Structures are given as structure tokens and as C-alpha cells.
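Worksheet for the structure shown next.
The values are calculated or read from the model by the stated rules, or taken from the named source; none is laboratory data. Predicted, not measured: the structure shown is a model, and the values here were computed from it. Glycine gets a Cβ as well: all are built from the backbone with ideal geometry, and neighbour counts include every protein chain shown.
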Amino acid sequence: MSHRIVLLLAVTCAVAVGNIYFPQAVAPLVATGLHVPPDAAATVVTATQAGYTAGMVLLVPLGDRLPHRPYLVALLALTGLALLAAGCAPALPALAAAGTLVGLSTVGAQIVGPLAAGLVAADRRGAVLGTLLSGSTGGMLLARTFGGTLGEWLGWRAPYLVASVLALILAAVLAFAVPTTPPSSRRPYPALLAAPLRLLRTEPELRRSCFYQATVFAGFSAVWTCLALLLTGPAYGLGAQAVGMIALVGAATMVCTPLAGRLVDRHGPDPVNLACLLGVLVSAVVLAVGARGGVLGLTSLTLGTLLLDVAMQSGMVANQVRVYALRADARSRLNTAYMTCAYLGGSTGSWLGTRVWGRAGWPGVCALVALLATLALARHLRHRAGRSGSGVSRTCDGSHGQVITSRGSAQ
């Protein structure tokens with residue numbers, strides 16, 4: 001797979017992920033434009049996110065049943081049409097319904113990952129997945145700016161209509177640019193829906209990767225949920241825009257994730273996971289200094305969130321490389337299981353973060369991050385100890401269906 005195709009797929013990830021986030025910036029404009037209360041306009045954001053969760057469960061597993069190129073093109077085309085319907089919606093109920101369809105169909109980034117993993121050699125998989133994750137990160141970071149700026153300039157409908165044009169153009173380009181790939185499974189749809197749970201039960205390496213990402217993403221979500229409370233509270237007395245400025249520091253992950261991917265290709269996922277989990281622990285210590293306020297505290301918050309972002313995203317690259325290597329015929333179903341666990345971890349982290357904040361403030365939130373990272377680190381060290389005790393290093397290459405031992409023989 002050429003670098004041109006990799007970049008095109010990264011742009012696809014950016015556009016697909018951006019469709020989830022730009023409605024957050026547009027919601028206040030929707031309230032003004034449709035003459036509804038702000039909390040009612042926020043239901044459009046909720047509907048889009050709910051649709052995305054449903055798409056993860058209902059549509060992503062079909063990536064193993066359908067050829068990737070036409071399926072990805074169809075999803076982007078549906079997203080474009082749903083965005084067009086949202087941009088032309090005459091009232092809030094119609095907009096919320098269209099937003100649900102946008103979220104449901106804009107799961108293209110979760111199809112791109114398995115597609116790319118099957119098109120590149122195993123020794124390039126980490127670098128390619130890191131580049132795709134950079135695209136997703138860029139889409140997440142830029143979408144709010146895109147939506148808010150364009151909406152202020154041309155009204156709330158403009159971001160939806162421009163996003164619709166982008167999705168439809170990408171669908172047309174991908175229809176000719178992406179190589180064809182045969183489906184990896186002929187299982188019926190009900191079996192595909194049940195497969196992620198079965199894979200979680202039968203694949204210990206999938207469970208391990210899910211546990212790492214769920215715990216780290218929970219800490220990540222707890223920090224970002226409570227950061228606004230800290231910055232707008234008495235310790236700093238800043239506005240909500242300060243959170244957005246610190247969030248822009250996360251753009252550094254767009255550079256770091258491809259580097260992490262190359263390290264995974266060179267050394268394997270486990271050493272990168274170890275470094276990332278240690279990075280999360282260090283970030284908790286750095287973030288804790290932020291409770292002091294002032295210039296030192298704000299500097300600590302900036303550096304701590306940067307380290308946390310880099311560690312979380314780099315760990316995701318390592319986990320995805322491990323997961324995609326398990327079963328070449330079930331990468332979309334594996335991805336469904338993995339991403340669902342990650343999002344459940346993030347939701348749980350947000351819930352825990354707000355409750356810890358109410359009892360112990362910012363130091364308690366940082367302690368929660370450290371505790372979650374310690375749990376993942378203990379699981380990782382226990383795995384390494386068990387592997388060393390067996391005297392055999394096992395690496396599964398899903399593309400060949402073999403297990404390679406440290407003695408170099410295929411079993």
C-alpha cells in the first residue's frame with residue numbers, strides 16, 4: 001500500500017471522526033437558529049454520539065462480511081446524505097434524527113483500520129496504524145474549530161453542508177483509489193454481532209489489550225472531564241476557553257503516534273505498552289501539581305495533559321497492532337470488541353472522575369489516574385513474568401495462522 005493511499009485513508013479517518021465532534025461547537029448556534037433552549041439543542045450532540053455507539057456495534061462487524069472498498073464508500077455516501085439532511089433540517093426533531101444517522105454511518109474510521117492492517121506487511125502495520133490514528137486525532141481536534149468558526153460566519157447549517165460535500169467527495173475518490181479486498185468471512189449477520197463477545201471470551205490477548213486501553217482511557221476521560229472544573233474554579237478563575245487552549249497541546253500526538261507505530265514494528269507492542277503505562281503514571285504526578293494554581297500549576301497541567309495524551313494514543317497503536325495480529329479473518333469484529341471496551345472505559349472514567357472530584361478534588365482525580373495505570377501495569381508485569389517463566393515467547397501472526405516460538409519453529 002503506497003504512502004498516497006495511507007494519507008488518503010488518514011484523511012478519511014479525520015473526516016469520519018470529525019463528524020462526531022463538530023456538532024458540539026455548533027449546538028449553541030442551533031439553539032439560536034431554531035429558537036430552542038440550549039439544553040434542547042444539545043440533544044443533537046447526544047443523538048450523534050448515540051448513533052456512533054450503535055454503528056460500532058451494528059455496522060463495524062460487517063467489515064468482515066463485506067468487501068472493504070464498496071462498504072467504506074457506501075458508509076461515506078450515507079454519511080454525506082445524512083449530513084445534507086441535517087443541514088436542511090427545518091426543526092430540531094428532524095435535525096436530531098439526521099444526527100443519529102450521521103453518527104450511525106460515520107464509523108468509517110473503524111473500517112479503515114482493519115482494511116489497512118490487511119493491506120500492509122506485519123513489519124509496517126504499526127507505522128500505518130499510527131498514521132491513521134494521527135488522522136483521527138487531527139479530525140477530533142480540528143472539528144470543533146471548523147464547526148464553530150464556519151458556523152459563526154455562515155450559520156449553523158454551513159458546517160453540516162460543507163461536511164456533507166467532503167464526505168461525498170471522499171466516497172467518490174475512495175471508489176477508485178482504494179485496492180479491492182475480498183471479504184474474510186461468510187458468517188451470517190447474527191453470528192457477526194455475537195462474535196465480539198465470543199472473541200473476548202476466547203482470545204486472552206484481546207482481553208489484555210482491552211484492559212490496558214479501558215483503564216488508560218478511563219483515566220484520560222476523568223482528567224478531561226474534571227479539568228474544566230479545576231480551571232474555572234477558585235484555583236485559577238479562568239474561562240472555559242482555557243480548556244480548549246490546553247486541548248490544542250494534544251496536537252503533538254499527531255506526530256508521536258506514527259513514531260510509536262514504528263517502535264511497535266521494531267520492538268513489538270509489549271515494550272511500547274510498558275513505556276506508555278509508565279508515562280501515564282508520571283503524568284498523574286505532574287498533573288497533581290496543577291492543584292497549586294498559578295503559573296507553576298498551569299504549566300504542570302499543560303505538560304501533564306500532553307504526556308497523558310501521548311501515552312494514551314501511543315498505547316492505542318500498540319494495542320491495535322496486537323489485536324489485528326490475532327485473527328486476519330476477524331479484524332473488524334476484533335476491532336468492535338476492542339473499541340467498545342475502550343469507550344466503556346472512557347465513560348466509566350468520566351463518571352468516576354466527577355464523583356472523586358466531589359469528594360477529593362483534583363488530587364483525588366490524579367490519584368484515580370495513578371490507580372488505574374497501576375492496575376494496568378500490574379497486569380502487564382504479571383503477563384511478562386508468566387511469559388518469562390514459561391521460557392517461550394509466543395507471537396501470533398493472524399495472516400498466517402501460525403504461532404512462532406522463541407526457538408523459531410512454527411506450530
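Provide a single number: the residues in the stretch 365-389 that are more than 14 Å from A218 (Cα to Cα) and either under 26 Å from the mean Cα position of the chain (by Cα) or buried (at least 16 other Cβ atoms within 10 Å of the Cβ) (or both). Please lay out each step first, then the result.
Pass one, the stretch 365-389, residues more than 14 Å from A218 (Cα to Cα): 377-389.
Within this subset, residues satisfying the condition of being either under 26 Å from the mean Cα position of the chain (by Cα) or buried (at least 16 other Cβ atoms within 10 Å of the Cβ) (or both) are 377-381, 383.
Residues flagged as more than 14 Å from A218 (Cα to Cα) and either under 26 Å from the mean Cα position of the chain (by Cα) or buried (at least 16 other Cβ atoms within 10 Å of the Cβ) (or both) within the stretch 365-389 amount to 6.
Residues in the stretch 236-261 that are surrounded by fewer than 20 Cβ atoms within 10 Å (Cβ to Cβ), modelled with pLDDT of 85 or more and of a type in the set (A, V, I, L, M, F, W, C): how many?
Here the count works out to 1.
Before we move on, is G126 farther than 19 Å from T340 by Cα, touching a helix residue (DSSP H, G or I) at 6+ places or on another chain (Cβ under 6 Å) and not assigned by TED's automatic domain parsing to the domain that holds R327? Break it down stepwise before answering.
Values: farther than 19 Å from T340 by Cα: yes; touching a helix residue (DSSP H, G or I) at 6+ places or on another chain (Cβ under 6 Å): yes; not assigned by TED's automatic domain parsing to the domain that holds R327: yes.
The answer is yes for G126.
Output the residues belonging to the stretch 186-212 that are of a type in the set (D, E, K, R), under 20 Å from Q320 (Cα atoms) and more than 18 Å from the chain's Cα centre (by Cα). Give the derivation first.
Let us first name the residues in the stretch 186-212 that are of a type in the set (D, E, K, R), namely 186-187, 198, 201, 203, 205, 207-208.
Among the residues that remain, those that are also under 20 Å from Q320 (Cα atoms) are: 198, 201, 203, 205, 207-208.
Correct list: R198, R201, E203, E205.
Please verify whether the stretch 199-215 includes one or more residues that are surrounded by fewer than 18 Cβ atoms within 10 Å (Cβ to Cβ) and among the basic types (K, R).
yes
What number goes with the only condition from (1) more than 24 Å from the chain's Cα centre (by Cα); (2) in the same structural domain as R322 (by TED's automatic domain parsing); (3) under 27 Å from A10 (Cα atoms) that A172 does not pass?
Going through the list (1) more than 24 Å from the chain's Cα centre (by Cα); (2) in the same structural domain as R322 (by TED's automatic domain parsing); (3) under 27 Å from A10 (Cα atoms), A172 breaks only (2).
Could you list all residues from the stretch 1-18 that are surrounded by fewer than 18 Cβ atoms within 10 Å (Cβ to Cβ) and either farther than 17 Å from A167 by Cα or without any contact (Cβ under 8 Å) to a residue 60 or more places away in the chain (or both)?
M1, S2, H3, R4
Right, T340: under 20 Å from the mean Cα position of the chain (by Cα) and surrounded by fewer than 19 Cβ atoms within 10 Å (Cβ to Cβ) or not?
So T340 fails the test.
Does A91 qualify as being assigned by TED's automatic domain parsing to the domain that holds A16, modelled with pLDDT under 95, among the hydrophobic types (A, V, I, L, M, F, W, C) and farther than 28 Å from Q313 by Cα?
Yes, satisfied.
Just give me the residues in the stretch 122-148 being over 17 Å from the mean Cα position of the chain (by Cα), over 20 Å from N319 (Cβ atoms) and modelled with pLDDT of 80 or more, in sequence order.
F146, G147
Take G103 and decide whether it is out of contact with any Cys (no Cβ under 9 Å at 6 or more places or on another chain), among the small types (G, A, S), outside the structural domain of M339 (by TED's automatic domain parsing) and under 28 Å from N319 (Cα atoms). Outline the logic, then answer.
On the way: out of contact with any Cys (no Cβ under 9 Å at 6 or more places or on another chain): yes; among the small types (G, A, S): yes; outside the structural domain of M339 (by TED's automatic domain parsing): yes; under 28 Å from N319 (Cα atoms): yes.
Here the answer is yes, as G103 does meet what is asked.
Quick check on the stretch 262-290: of everything there that is small (G, A, S) and over 19 Å from C210 (Cβ atoms), which residue is modelled with the lowest pLDDT?
So the residue we want is G290.
Take S314 and decide whether it is in a helix (DSSP H, G or I) and buried (at least 23 other Cβ atoms within 10 Å of the Cβ). Lay out the reasoning, then the answer.
Values: in a helix (DSSP H, G or I): yes; buried (at least 23 other Cβ atoms within 10 Å of the Cβ): yes.
Criteria met by S314.
Pick from P179, P183, P188: which is free of Cβ contacts under 8 Å to residues at least 12 places away in the same chain and surrounded by fewer than 23 Cβ atoms within 10 Å (Cβ to Cβ)?
On the way: P179 fails: free of Cβ contacts under 8 Å to residues at least 12 places away in the same chain; P183 fails: free of Cβ contacts under 8 Å to residues at least 12 places away in the same chain.
That would be P188, the only listed residue that is free of Cβ contacts under 8 Å to residues at least 12 places away in the same chain and surrounded by fewer than 23 Cβ atoms within 10 Å (Cβ to Cβ).
Can you name every residue in the stretch 191-234 that is part of a loop (DSSP other than H, G, I, E, B) and modelled with pLDDT of 85 or more?
Those that are part of a loop (DSSP other than H, G, I, E, B) and modelled with pLDDT of 85 or more: E203, P234.
Are any of the residues in the stretch 153-161 within 26 Å of A252 (Cα to Cα) and modelled with pLDDT of 80 or more? Spell out how you get there, then give the answer.
Going through the stretch 153-161, the residues within 26 Å of A252 (Cα to Cα) turn out to be 159.
Cutting the leftovers down to modelled with pLDDT of 80 or more gives us 159.
Yes, the stretch 153-161 has at least one match.
Restrict the check to the stretch 19-33 and report whether at least one residue is crowded, with 20+ Cβ neighbours inside 10 Å, modelled with pLDDT of 90 or more and farther than 16 Å from R144 by Cβ.
No; the residues of the stretch 19-33 include none that is crowded, with 20+ Cβ neighbours inside 10 Å, modelled with pLDDT of 90 or more and farther than 16 Å from R144 by Cβ.
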